[in-house]
1. Roughly speaking, what is the stretch gain from S194 to V415, that is 0.36 nm per residue apart minus the C-alpha to C-alpha distance, in nm to one decimal?
2. With the crude spin-label approximation of a point 7 Å out along Cα→Cβ, what separation in nm comes out for T226 versus K50?
3. Give me the net charge of N253's neighbourhood, meaning all other residues with Cβ under 14 Å from the Cβ of N253; Lys, Arg count +1, Asp, Glu -1.
4. Once the mean 1/r over all distinct Cα pairs of segment 261-362 is inverted, what Kirkwood radius in angstroms do you read off?
5. Length gain on complete extension for the stretch A35 to T152, per 0.36 nm per residue less the alpha carbon to alpha carbon distance?
6. Report the per residue volume, in Å³, of the convex hull enclosing the C-alpha atoms of segment 190-229.
7. Which shape class applies to segment 70-127: rounded if a/c is under 1.5, otherwise prolate when a/b exceeds b/c and oblate if not, where a ≥ b ≥ c are the square roots of the Cα gyration tensor eigenvalues?
8. Evaluate Rg over Rh across segment 174-297, taking Cα atoms for both radii and Kirkwood's formula for Rh.
Amino acid sequence: MSHSFFVRRLSLLLMVLLFGCLCCVSAQTEEAAEAPTLSISSSELRLMVKKSDKLTATLTGTTARIKWTTSDTKVAIVSSNGTVTARGSGEATITATVTTKDGTVLTADCAVTVWQPVTTVKVSPTRLSLGRGITSEPISFSIQPETSDCQTVIWTSSDESVATVDAEGRVTGVGLGTATITAIADEDREKQRSASVAVTIVQPVEEIRLSADTLRVDVQKSAKLTAEVLPESAAVKTIVWTSSDTSVATVKNGTVVGVSGGTCEIIAAASDGSASHAICTVTVIQPVKALQFASSNAMVSRGKSISLRIITTPEDASDASLTWESSDESIATVDASGTVTGVNTGTATISVTANDGYGAKAKVKVTVGPTNPLKIAAVSCKNNDLYIDFKNVTSGSVIIGCSVVVICYDDNGDVISTGEYDCSIPALLNGKTHRAGKTVTCTVPDLTDSKSFEVGISSVTFKGNSVTLIDEADRVMTRYKTRRK
């Protein structure tokens, strides 16, 4: 082959390669030029409820219809031309969508925040009178609508030389005069909603003086306290009266009423919010209303002693202490506890007086007898009946009544029961020394359940004489075994 043939073939091959390269470059250029894009005029949007704003979508590299959608119609809606209208507070996404001829889907988003503005701010109270140096409770406020994004306020004072206000709405009086306290809705808008309180700072109560620091009052009785408010220029002089213990005493407008014996405090406090107050210590007295001896008469042997039992009414008397006195100490003496000692035979009157000064008194006649009192000679039993024989009955005396004390024991010697029982007096007991078969009888419950018992004289009534009380020290408490008669 000739040299010219190879040259032609080589030239043809070079032309083919050059054409292919040109085609590739042309295709890439066309592809780069034709890639479509979609964008929105704003990626974020903040709107107030019922307000609107328009979004503009820009599409390049192709022509197609732009579709607008919202992620939450309760928050915001969008029209076909991109106009966004706020409906309710919250967040939503507005999306512009394009579908190209070759099926490619292009989107662009805008984040929309919708907020509900404040329409009204209210405060309570709208007027406030406050003492200088006193801090009020927080002023209450409300914001409408309740769905508003802003539910807080900023507090301000028109004159802090008169009154200041803290972040919680507590007002403090600084100087006498007037000031305006304003609650401003804390939201980012040109015209903020607000409400105001007219505050007057007045002279507070500085001291309260009571007519008495201490007071005594009887149960179901009353006493009056009066209060002086200082200074005279104090704006509010109303006093609030309280009792620290209403079970002891109550108070109303300074009138104290005793409820029960004891001590409490009556407090008179200023009502202007100041700490001024005064205290009266009240002692309520439950007086002794009556004193009564357990028996109308008593008897004691010469050289012996008995304890007189006194009944105090009421039992909860504030001062139950007593003073004892004998009408004739040559016959009988009495000590501070009511123990009577026989000195010589005869009678004396023992008097007792309540020490609380209300005058309750009682008297009892005491007979001092011989040193040989009535005693038990023998005891027998049958079932629950006791048969008791006495000794040392004075000649000529006739027993017409008798009571005994019986203490029952079990196998271990422990007490089962203790009681005082009246005895049956047979007609044969004519004042002579008792003999077998001429006994008094009394029925004692639980006697059959006991293994042993003790008997002692409690009281004896003689014909023509009063009841004779035998003190426990004079009882013959002899142990007997329970046995059948």
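Each value in this text was obtained by applying a stated rule to the coordinates, not by laboratory testing. Given the structure is predicted, the values throughout are model-derived calculations rather than measurements. Glycine also receives a Cβ, built like all others from the backbone with ideal geometry; neighbour counts cover every protein chain displayed.
1. Numbers: separation 221, 0.36 × 221 = 79.56 nm, distance 8.59 nm.
Gain in length upon complete extension: 71.0 nm.
2. Between T226 and K50, the simple spin-label model gives 6.4 nm.
3. Numbers: positive: K224, K237, K252; negative: none.
Cβ neighbours under 14 Å give a net charge of +3.
4. Numbers: mean 1/r = 0.0611 Å⁻¹.
About 16.4 Å for segment 261-362.
5. On the way: separation 117, 0.36 × 117 = 42.12 nm, distance 5.13 nm.
Additional length available on full extension: 37.0 nm.
6. Numbers: hull volume 6.7 nm³, N = 40.
Dividing the Cα hull volume of segment 190-229 by its residue count gives 167 Å³.
7. Values: a/c = 5.93, a/b = 4.45, b/c = 1.33.
It is prolate, given that a/c is not under 1.5 and a/b is the larger ratio.
8. Working: Rg = 24.2 Å, Rh = 18.1 Å.
On the Cα set of segment 174-297, Rg over Rh gives 1.34.
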